[in-house]
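Please read the structure below before turning to the comments.
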Amino acid sequence: MNSDLILLGHGSGGRLSHQLLDELIIPVLCQGAVSEQNDAAVLESVTGRLAYTTDSFVVDPIFFPGGTIGSLAVHGTVNDLAMMGARPLWLSVGLIIEEGFGKTELKAILKDMRQAADRAGVKIVTGDTKVVPRGKADKIFISSSGIGVIEHGLEIHGANARAGDAIIVSGTIGDHGIAVMAGREGLEVGADIVSDSAALNGLAGEIIAAVGGALHVLRDPTRGGVATTLKEIALQSGVSVTLREEALPITPAVRGVCSLLGLDPLFVANEGKLLAFVAPEAAEAALAVIKRHPLGARAALIGTVEGALPGRVRMETVVGGLRTVEMLSGEQLPRIC
């Protein structure tokens, strides 16, 4: 028996399960004591509205330039809460592990998850582990849920965009999707392309503190990229959006790979960028706040909101024309989160 591999018995609920929890998962992930293993976490009461989210992560490969499935799960859940204007507090983590997965790789993922949670200022307070037979999963899947508190009276959501709003993106787009694809396909793209996976709650909090009610929408453009996210917001709010192609921040490396493979950076996923819809009088102040933050140095004002033709997204091209931007019928790059 290879003690370095996950066995079906590790998911049985018996001795092997307890060993896996006591010797690996709990010490690495949350540093809890054996005596604290109960059926649920008991949380302190908070003042304010609660935000709650859940997500699942099936990224392939599970280790990619700039992150792992572990840090990605934490960042994705934290960011979903932050985009509602909430301060993330607690996370729940569910692990679905394929029989034969290495304990060394599992430990690396758990450590990355714990470090990401610590940096984001959130606690992993509960979770679950299941093991499935070899071939019934792909190494490891992670499901996570999060709870945060909204400590202000602002309404920040996708149906709140207003005509005249300026649209700001917090940095270069497409980095995560291209980094994951390059890792999956073994493409030699150099060290210039790494995932932007990061927790955005600190940045979101600074924007809220700086512009208050002038901030109408926050959204992280993950699957489907910036284009799909803008289309969703335009439909939710009953407005139209006009982008400026020349204003879109895209690294030369990402632009080059996309050009080579026939991909559109607008539809490539991001995991550490946000879109902010801000009243026009506060746009410059919001942009300045974002640029001062370590995650927003390459932020840019990329478009505006208009009242006509609800749900329409158009882009002013670099040659002076207008083209309609629609959602893709499928997915350019599957399993990027």
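The values are calculated or read from the model by the stated rules, or taken from the named source; none is laboratory data. Being a predicted model, the structure only gives us computed values, none of them experimental. Here Cβ is always computed from backbone atoms with ideal geometry, including for glycine, and neighbour counts include all displayed protein chains.
Summary of values
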item: Unmet requirement for Pro65, which otherwise passes all of (1) more than 24 Å from Arg223 (Cα to Cα); (2) at pLDDT below 95; result: (1)
item: Residue match in the stretch 189-198 (condition: under 18 Å from His157 (Cβ atoms), of a type in the set (Asp, Glu) and in the same structural domain as Arg312 (by TED's automatic domain parsing)); result: no
item: Any hit, the stretch 121-131, residues being within 27 Å of Val211 (Cα to Cα), assigned by TED's automatic domain parsing to the domain that holds Leu24 and not aromatic (Phe, Trp, Tyr); result: yes
item: Hey, Thr53 outside any strand (DSSP E or B), surrounded by fewer than 22 Cβ atoms within 10 Å (Cβ to Cβ) and outside the structural domain of Gly205 (by TED's automatic domain parsing) or not; result: no
item: Single condition Ile26 does not satisfy, out of (1) buried (at least 17 other Cβ atoms within 10 Å of the Cβ); (2) touching a residue at least 12 places away in the same chain (Cβ under 8 Å); result: (2)
item: Selection count where residues are more than 24 Å from Ala82 (Cα to Cα) and in contact with a Lys or Arg (Cβ under 9 Å, 6 or more places away or on another chain), scope the stretch 130-179; result: 1
item: Qualifying residues in the stretch 290-310 (those that are crowded, with 21+ Cβ neighbours inside 10 Å and of a type in the set (Val, Ile, Thr)) - the one farthest from Leu215 (Cα to Cα); result: Ile302
item: Restricting the stretch 311-329 to residues that are assigned to a loop (DSSP other than H, G, I, E, B) and crowded, with 17+ Cβ neighbours inside 10 Å, the residue that is modelled with the lowest pLDDT; result: Val325
item: Close pairs from the stretch 10-22: first part of a helix (DSSP H, G or I), partner charged (D, E, K, R), Cβ under 6 Å, at least 6 apart; result: Gly11/Lys130
item: Count - residues of the stretch 122-147 that are over 16 Å from the mean Cα position of the chain (by Cα), over 18 Å from Leu5 (Cα atoms) and of a type outside the set (S, T, N, Q); result: 5
item: Selected residue (only one of Gly262, Gly224, Gly205 is free of Cβ contacts under 8 Å to residues at least 60 places away in the same chain and among the small types (Gly, Ala, Ser)); result: Gly262
item: Subset of the stretch 264-288 (residues that are in contact with a helix residue (DSSP H, G or I) (Cβ under 8 Å, 6 or more places away or on another chain), over 14 Å from Thr304 (Cα atoms) and surrounded by fewer than 20 Cβ atoms within 10 Å (Cβ to Cβ)); result: Asp264, Ala285
item: Gly272 vs. criteria free of Cβ contacts under 8 Å to residues at least 24 places away in the same chain and closer than 21 Å to Arg298 by Cα; result: no
item: Given (1) closer than 15 Å to Val93 by Cβ; (2) in a helix (DSSP H, G or I), index of the condition Asn79 fails; result: (1)
item: Filtered residues of the stretch 103-147 (kept if in contact with a strand residue (DSSP E or B) (Cβ under 6 Å, 6 or more places away or on another chain) and of a type in the set (Gly, Ala, Ser)); result: Ala117, Gly127, Ala137, Ser143, Ser144, Ser145, Gly146
item: Odd one out for Ser3 among (1) surrounded by 12 or more Cβ atoms within 10 Å (Cβ to Cβ); (2) part of a loop (DSSP other than H, G, I, E, B); (3) at pLDDT below 95; result: (1)
item: Selection within the stretch 278-300 - in a strand (DSSP E or B) and farther than 17 Å from Ala234 by Cα; result: Ala300
item: Residue match in the stretch 257-277 (condition: in a helix (DSSP H, G or I), touching a Pro at 6+ places or on another chain (Cβ under 8 Å) and at pLDDT below 95); result: yes
